[in-house]
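Visitor: Below you'll find the structure I mean.
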Amino acid sequence: MDGNGRWARSRGLRRIEGHRAAERSIHDAVEYCGEQGVQYLTLYAFSTENWSRPRAEVSFIMALLGSFIRRNIDSLNENQVRIKAIGRLDDLPRGPRKELDRAIIRTAGNEGLTLVLALSYGGRAEIVDAVRNLTADVVSGSLAPEDIDAEGIASRLYLPGIPDPDLIIRTSGEQRLSNFLLWESAYSEYYFTDVLWPDFRREHLEAAFSDYFTRKRRFGDVEPGKDQD
């Protein structure tokens, strides 16, 4: 969800106002995905690199996280949204972490859209943590090095029960991964838009979906019926 700072600067506002304005875009994305029967939506809310931002901005984002959950948990729960989170969650301040944990527990039995919040998340960090878990198993003798495979690594990612993303949308004109779901996105489709995240509405999400449905996904194979030589 990129472009909050640029959105604010273009209006002569402080960067934090861009983060505040982004909440409506989150509402639109969650509501639209729920209406369309999307099973999983992951929002890249705060990266491992974002901790290096000015302290005041980081503090505001963390406070905003807690207040967002408090304001919206009733509505999310009523709409059967299940909340999960990925990342190095122990890095989060105590207050927002407690709000997050409560929301995860409260919505655990819901059967609608699963909303995954990526917080203090980095794709490389996730792979490192998975490898550390594998290494511990090797040291303990419960896993032989020659038995390490892709499935073993995938099973030790933050949320191994969630399928790999079909579509990754990058807002604000940037055309890079920025350390997001590096392992899981091996065969994801990408959609880039110049729209800044605070301006991103359901019509932009609908355009991304429409573009996605025009694509042929072969996962390294050839298209059925085509020459395979």
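Visitor: How many residues does segment 5-40 hold that are surrounded by 14 or more Cβ atoms within 10 Å (Cβ to Cβ) and either of a type in the set (Gly, Ala, Ser) or not in a helix (DSSP H, G or I) (or both)?
Guide: 12
Visitor: Among the residues of segment 51-64, write down those that are touching a helix residue (DSSP H, G or I) at 6+ places or on another chain (Cβ under 7 Å) and either of a type in the set (Phe, Trp, Tyr) or without any contact (Cβ under 8 Å) to a residue 40 or more places away in the chain (or both). First the steps, then the outcome.
Guide: Residues of segment 51-64 that are touching a helix residue (DSSP H, G or I) at 6+ places or on another chain (Cβ under 7 Å), as a first pass: 51, 57-58, 60-62, 64.
TRP51, VAL58, PHE60, MET62 - these are the residues of segment 51-64 that are touching a helix residue (DSSP H, G or I) at 6+ places or on another chain (Cβ under 7 Å) and either of a type in the set (Phe, Trp, Tyr) or without any contact (Cβ under 8 Å) to a residue 40 or more places away in the chain (or both).
Visitor: Given ARG20, ARG102, ARG94, which one is at pLDDT 95 or above and either in contact with a strand residue (DSSP E or B) (Cβ under 7 Å, 6 or more places away or on another chain) or farther than 24 Å from GLY122 by Cβ (or both)? Show your work before the answer.
Guide: Working: ARG20 fails: at pLDDT 95 or above; ARG94 fails: either in contact with a strand residue (DSSP E or B) (Cβ under 7 Å, 6 or more places away or on another chain) or farther than 24 Å from GLY122 by Cβ (or both).
Going through ARG20, ARG102, ARG94 in turn, the sole match is ARG102.
Visitor: Please return the ranges of helices (runs of 4 or more DSSP H) entirely within segment 123-229 where 2 or more residues are under 19 Å from the mean Cα position of the chain (by Cα), in contact (Cβ under 8 Å) with a residue 40 or more places away in the chain and crowded, with 16+ Cβ neighbours inside 10 Å.
Guide: On the way: elements: 123-140, 150-154, 202-212.
Filter on segment 123-229 gives 123-140, 202-212.
Residues are listed down the side, and each one gets a yes or a no for (1) among the acidic types (Asp, Glu); (2) more than 24 Å from VAL81 (Cβ to Cβ):
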{"position": "GLY95", "(1), (2)": "no, no"}
{"position": "ASP101", "(1), (2)": "yes, no"}
{"position": "ARG124", "(1), (2)": "no, yes"}
{"position": "ILE148", "(1), (2)": "no, yes"}
{"position": "ARG170", "(1), (2)": "no, no"}
{"position": "GLY173", "(1), (2)": "no, yes"}
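Visitor: Go over the candidates ILE162, ILE148, ILE169 one by one and state the one that is under 24 Å from ASN4 (Cβ atoms) and either modelled with pLDDT under 95 or not charged (D, E, K, R) (or both).
Guide: Working: ILE162 fails: under 24 Å from ASN4 (Cβ atoms); ILE148 fails: under 24 Å from ASN4 (Cβ atoms).
Exactly one residue qualifies, and that residue is ILE169.
Visitor: Sort out which residues of segment 82-98 are surrounded by 18 or more Cβ atoms within 10 Å (Cβ to Cβ) and of a type in the set (D, E, K, R), and write them in order of number.
Guide: Within segment 82-98, ARG82, LYS84, ARG97 qualify.
Visitor: Taking segment 22-37 as the search range and keeping residues that are free of Cβ contacts under 8 Å to residues at least 60 places away in the same chain and under 16 Å from the mean Cα position of the chain (by Cα), which one is farthest from PRO198 (Cα to Cα)?
Guide: Result: HIS27.
Visitor: Further question: Taking segment 46-63, which residues are surrounded by 12 or more Cβ atoms within 10 Å (Cβ to Cβ), over 17 Å from the mean Cα position of the chain (by Cα), among the aliphatic types (A, V, I, L, M) and under 16 Å from GLY5 (Cα atoms)?
Guide: VAL58
Visitor: Can you tell me which residue within segment 65-121, out of those that are free of Cβ contacts under 8 Å to residues at least 40 places away in the same chain and in a strand (DSSP E or B), is nearest to PHE46 (Cα to Cα)?
Guide: Filtering first and then ranking leaves ALA85.
The values are calculated or read from the model by the stated rules, or taken from the named source; none is laboratory data. Here the structure is a predicted model, which means the values were calculated and not measured. Because the Cβ atoms are built from the backbone with ideal geometry, glycine has one as well, and the counts that use them run over all protein chains shown.
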